[in-house]
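Notes for the one structure printed next.
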Amino acid sequence: MSTQIAVRLSDELASFVDGEVAAGHAPSRAAVVTRALERERRQRLALADIEILRFELDDDLDDAVEGAARRPLELD
């Protein structure tokens, strides 16, 4: 099931979305927006997991967790 929503984008973002479709990177505007929102959701879930691990791991792993929290996530 899906829900249709109206979204107002800046001209710059709208041009980017249209460029993604024109370049064949996505089949539609909706696909570009969906992909971006799914990436944002995955990133937030990953950051939440990192926060949980920060409090559950032994002190000797704190540096590793903090390093992972600062590392950019590659989600595609």
Q: State whether one or more residues within segment 37-56 are among the small types (Gly, Ala, Ser) and modelled with pLDDT of 95 or more.
A: no
(Q) Among the residues of segment 19-34, what is the count of those that are surrounded by 14 or more Cβ atoms within 10 Å (Cβ to Cβ) and touching a helix residue (DSSP H, G or I) at 6+ places or on another chain (Cβ under 9 Å)? (A) 7
Q. Among the numbered criteria (1) at pLDDT 95 or above; (2) surrounded by 10 or more Cβ atoms within 10 Å (Cβ to Cβ), which single criterion is violated by Glu66?
A. (1)
Q: Would you tally the residues in segment 2-18 being over 16 Å from Leu37 (Cβ atoms) and surrounded by fewer than 11 Cβ atoms within 10 Å (Cβ to Cβ)?
A: 3
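The values are calculated or read from the model by the stated rules, or taken from the named source; none is laboratory data. Everything numeric in this text was worked out from a predicted model, so none of it was measured. Quick reminder, even Gly has a Cβ in these numbers, built from the backbone with ideal geometry, and neighbours come from all protein chains shown.
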